[in-house]
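Every number here is computed from the coordinates shown, using simple stated rules; none is lab data. Note that the structure is a prediction, hence the values are computed from the model and not measured. Here the Cβ positions follow ideal geometry from the backbone for every residue, glycine too, while neighbour counts run over all protein chains shown.
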Amino acid sequence: MSADLDRSRPIWRQVAEVISGRIAAGTYPPGSRVLGIVELSAEFNIAASTAQKALAHLRDTGEVRTELGLGTFVADK
């Protein structure tokens, strides 16, 4: 499910907003794995560094947590 991205706004922020919206909607319930860097890059047709920045923002806001070698998961709230 690809989203239309507005090239006049930071792409990483838009991707983070889409993932955040999916979390809020229950598409990704607490504890579930969210798309990784490679998967986000493919879905949104973006650079890996952009996907990484979006996930880093979601980690910084406490919406997701990353377990090394396992992936990124929705934080339990």
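Just to confirm the number: angle between the C-alpha axis of helix 11-25 and the first principal axis of the chain, 0 to 90 degrees, nearest 10? That works out to roughly 40 degrees. What angle, in degrees between 0 and 90 and rounded to the nearest 10, separates the Cα long axis of helix 48-60 from the longest principal axis of the Cα atoms of the chain? For helix 48-60, the angle is close to 40 degrees.
Based on Cα contacts under 8 Å between residues 6+ apart, the chain shows a relative contact order of 34 percent. Overall, the chain carries a charge dipole of about 120 debye about its Cα centre when +1 sits on the Cβ of Lys and Arg and -1 on the Cβ of Asp and Glu, all other atoms neutral. A DSSP coil position with no more than 16 other Cβ atoms inside 10 Å describes the following trypsin sites (Lys or Arg not before Pro) in segment 1-70: 7.
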